[in-house]
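We did not get these values from a lab; they are worked out from the coordinates using the rules stated. As the structure is a computational prediction, the values presented were derived from the model and not from experiment. Note: ideal-geometry Cβ built from the backbone for every residue, glycine included; neighbour counts use all protein chains shown.
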Amino acid sequence: MNTSLKFVIVVLSMTIISCQKETKKAVKVYESLEYNIYMGDKLAGYQKSFQGKDGVYHYVYEFNDRGRGPHINEKVILNDNDVIISHEIYGHNYLKDTVSEIFEVKEGTAKWKSSSEQGEAKFDNNSFFSAINGSFGITDLLIKKLLSSENKEVNLLPSGSIKITNIDNHKINDSTELRLVEFTGQSFTPSYTWIDKNDRFFGYVSPWFTCIQKGYDSIAKQLQPIQKQKEEEYLKNLSPSLFETPSKKILIKNVGVFNSKTGKIEPNRFIVVNGNKIEQVSTDVITEGDDTMVIDGTNKTLLPGLFDMHTHISETDGVMQLAAGVTSVRDLGNSSDLPELKENFDVNKLVGPRILVMSGFIDKAGPYAGPTGSIINTLEEGIQAISDYHDKGYTQIKLYSSIPPEWVKPLADKAHELGMRVSGHIPAFMIAEQAIKSGYDEIQHVNMLALNFLSDTIDTRQPLRFSMVAEHNHKLDFESKKFKDFIRLLKEKNIVIDPTVSIFDGMFTVKAGEADPSFAKILDRLPLSVQRGYYSGGLPIPDGKKDQYKASYDKLLGIVKQLYDNGVTIVPGTDSMAGFGLHAEMENYVKAGIPTSEVLKIATLNSAKIAGVNDNLGSIEEGKLADLILVDGNPVNDINDIRKVELTIKNGNIYNPEKLYKAIGVKHFK
């Protein structure tokens with residue numbers, strides 16, 4: 001379940017769509033265009049752009065992402081200044097909830113209303129309405145307005161602005177003339193889109209999600225490396241300014257040190273970092289010298305760097321991870337260039353955490369197959385994929401929802417033969433008990449545990465894996481023999497659970513217009529355009545069932561507590577927004593009833609053990625690698641203090657979170 005994909009799609013929509021325009025001249029020559037949408041390499045949907053005889057612009061947008069995905073219809077009317085005066089959107093969103101969004105200008109006032117927001121403002125005849133639920137279609141209108149505007153920038157309604165900061169010309173196959181356009185102002189880092197020689201939207205491309213003009217599908221793969229190089233060029237140019245490699249030893253004095261073995265804060269410690277190693281941990285005062293960079297830790301806590309054990313990390317996530325104190329991650333499914341990204345983070349070509357575990361993603365081809373990794377047709381192809389991943393340095397395999405249950409054991413046997421761990425979703429028409437007995441070492445997502453107590457006839461390739469849990473999990477009996485036997489099985493087989501429980505908070509408990517609870521505390525720190533996406537709601541909640549869905553989420557928290565109480569290993573994964581998502585996951589573990597000191601151990605030393613790196617990481621000890629975070633406050637007393645990261649050290653390099661956040665338009669906690 002890739003909620004990070006959901007986030008990407010939301011951000012892309014806001015970034016590329018946010019404005020709309022077309023000149024009066026172009027009204028006469030607005031050619032109807034169609035686009036194909038791909039999830040990975042699989043055709044998953046379409047986009048249609050056309051204009052009616054009455055001058056109204058129409059856009060239809062739809063795709064299927066493993067049973068999820070929007071269907072959007074848009075109608076747009078422009079005035080003589082090529083500014084939107086009417087914009088109507090209807091259909092359903094990514095999680096199939098009803099969409100109705102209206103913008104109109106009357107008597108000099110712009111008004112907008114949707115299920116998640118409403119407002120009005122004086123209309124200046126030059127600002128563009130930024131829709132929450134829009135499609136790629138109206139990028140044509142955006143591009144032309146920006147190209148004709150001063151400084152290639154326009155203001156947006158309800159707020160913000162968007163600007164073209166760069167345009168590169170490219171000729172593909174010696175005949176197709178395209179331009180790669182760079183935008184800023186709508187996300188954490190620049191966004192990119194392709195336009196053709198007529199200034200029409202040509203496509204957006206990525207390994208995960210691609211929308212491209214129909215008939216040009218074959219060149220999408222050629223555009224990806226060009227766009228990727230541009231994205232990385234921006235980040236690589238930014239990276240040197242975002243970290244410091246000290247020429248002196250680092251002395252952190254008078255600091256409380258979190259002991260991740262005991263779970264206690266050890267007060268008034270003096271820590272010396274020399275190069276990339278922790279050289280000294282002392283209760284005695286260490287004299288400051290000319291060869292020392294001194295950091296005062298008074299009233300602060302020094303912790304080992306945090307671990308996020310469920311990411312699908314991208315180049316742009318690295319800054320947010322380090323700013324939040326996340327120095328190590330596991331990647332549980334990504335594009336084929338993951339080893340290159342790992343290397344770039346390791347050598348600081350790009351700012352980002354250690355990618356300690358690369359997990360090879362495998363699913364069976366079909367209508368609900370995952371969007372990336374190895375999509376196989378036969379068991380033999382799956383076994384070969386495992387060997388290929390092993391040869392590339394991957395140490396774990398993640399099986400997905402479309403894998404036939406009878407394939408699980410032979411695939412797990414092959415992975416184990418090569419010394420690799422096996423984890424994943426529970427395949428459709430199988431339950432967790434069966435997956436464990438067939439060779440799983442680890443299970444992703446707590447809803448997969450809840451499904452164990454429903455039925456093995458549920459087609460969990462589809463969103464039923466969410467909605468059935470929301471409907472029924474509130475009835476789960478922790479005292480039942482079936483539940484206790486299952487918990488005992490997890491413990492006896494040393495099964496690791498990666499709950500990602502926070503993503504279900506926003507999915508089960510809020511309707512459109514309510515802030516996603518996992519991020520409500522930090523939304524005011526984010527760019528305004530990003531904030532809006534976190535008010536779009538979760539699953540469609542039937543009338544009268546909001547309390548029931550909330551109770552089902554609370555029972556998911558209860559499962560997490562039951563795991564902890566019974567000694568089942570938990571690792572903190574997010575599958576959501578980089579950095580802030582881990583803070584939310586840790587806070588939810590505390591909300592579930594796990595002591596704060598134990599949560600901090602889970603996110604440091606315990607995770608290091610599961611990743612196989614506890615000899616070098618996960619605790620503050622002499623001789624270990626210098627991955628450290630300095631927090632303003634005491635997170636053992638108040639887990640919310642984990643959000644107050646003042647300093648991050650990764651491999652001896654110093655990162656200033658305030659500076660990191662500023663580089664991507666995020667406010668620091670102070």
- Label point distance in nm, Gln229-Asn155, each placed 7 Å from Cα along Cα→Cβ: 3.9 nm
- Item | Estimated FRET transfer efficiency when R0 is 35 angstrom, pair Ala551-Thr262 (beta carbons, to 0.05) | 0.45
- Task: Work through the residues other than Thr283 whose Cβ is under 15 Å from its Cβ and net out their charges, Lys, Arg +1 and Asp, Glu -1.
- Result: -1
- Message: Starting from 0.36 nm per residue, how many nanometres of slack lie between Asp388 and Phe669 once their C-alpha separation is accounted for?
- Response: 96.8 nm
- Message: Testing the spin-label approximation: label points 7 Å from Cα along Cα→Cβ at Asn274 and Asn79. State their distance in nm.
- Response: 7.1 nm
- Task: Could you please rank Phe209, Phe361, placing first whichever residue has the fewest other Cβ atoms within 10 Å of its Cβ?
- Result: Phe209, Phe361
- Around Leu600, what is the net charge, scoring Lys/Arg as +1 and Asp/Glu as -1 over all other residues with Cβ under 12 Å from its Cβ? -1
- Query: Quick one: if the Förster radius is 25 Å, what FRET efficiency do Lys221 and Asn166 give, using the C-beta to C-beta distance and rounding to 0.05?
  - Reply: 0.65
- Item | Table column - 3J(HN,Hα) (Hz), region 221-238, Karplus curve with 6.51, -1.76, 1.60, x for Gly and Pro | 5, 6, 6, 4, x, 5, 5, 4, 4, 5, 4, 5, 4, 4, 5, 5, 5, 6
- Task: Would you calculate the separation in nanometres between label points at Ser148 and Lys197, each defined as 7 Å from the Cα along the Cα-to-beta-carbon direction?
- Result: 2.2 nm
- Against the longest principal axis of the chain, how steep is helix 481-492, in degrees 0 to 90 to the nearest 10, with axes from Cα atoms? 70 degrees
- Message: Report, in listed order, any pair from Lys545/Lys667; Lys163/Lys236; Lys555/Lys644; Lys145/Lys667; Lys609/Lys670 with a Cα-Cα distance greater than 25 Å.
- Response: Lys545/Lys667; Lys555/Lys644; Lys145/Lys667; Lys609/Lys670
- Note on the structure: Per the rule of 0.36 nm per residue minus the C-alpha distance, extending Asp124 to Ser455 adds in nm 113.4 nm
- Using a cut-off of under 16 Å, list every residue of region 244-267 whose amide N is near the label point 7 Å from the Cα of Lys659 along the Cα-to-beta-carbon line. 244-248, 250
- Item | Nonlocal amide H pairs with Val99, under 5 Å, H built at 1.01 Å | Gly91, His92, Asn93
- Note on the structure: The ³J(HN,Hα) series, computed from each phi in region 401-414 with the Karplus coefficients 6.51, -1.76 and 1.60 at θ = phi - 60°, rounded to the nearest Hz and given as x for glycine or proline, is 5, 8, 5, x, x, 6, 8, 4, 4, x, 5, 5, 4, 5
- Item | From the coordinates shown, Rg/Rh (Cα atoms, Kirkwood Rh) corresponds to which of (1) 1.07; (2) 0.97; (3) 0.94 | (2)
- Can you pull the Kirkwood radius for region 3-240, inverse mean 1/r over Cα pairs, to one decimal in Å? 18.0 Å
- Using θ = phi - 60° and the Karplus curve 6.51 cos²θ - 1.76 cosθ + 1.60, what whole-Hz ³J(HN,Hα) does each residue of region 434-451 get, with Gly and Pro shown as x? 5, 5, 5, 5, 8, x, 4, 9, 7, 10, 8, 6, 5, 5, 5, 6, 4, 5
- For the chain, what is the mean residue ellipticity at 222 nm derived from helices alone (per DSSP H run of n ≥ 4: -39500 (n - 2.57); sum divided by total residues; nearest 500 deg cm²/dmol)? -8000 deg cm²/dmol
- Query: Quick one: net charge of Leu476's neighbours, Cβ under 11 Å, K/R +1, D/E -1?
  - Reply: 0
- Beyond 18 Å (Cα-Cα) in this structure, taken from Lys437/Lys475; Lys491/Lys561; Lys42/Lys228, we find Lys437/Lys475; Lys42/Lys228
- Query: Gain in length, Lys409 to Val56, computed as 0.36 nm per residue apart minus the alpha-carbon separation, to one decimal in nm?
  - Reply: 121.4 nm
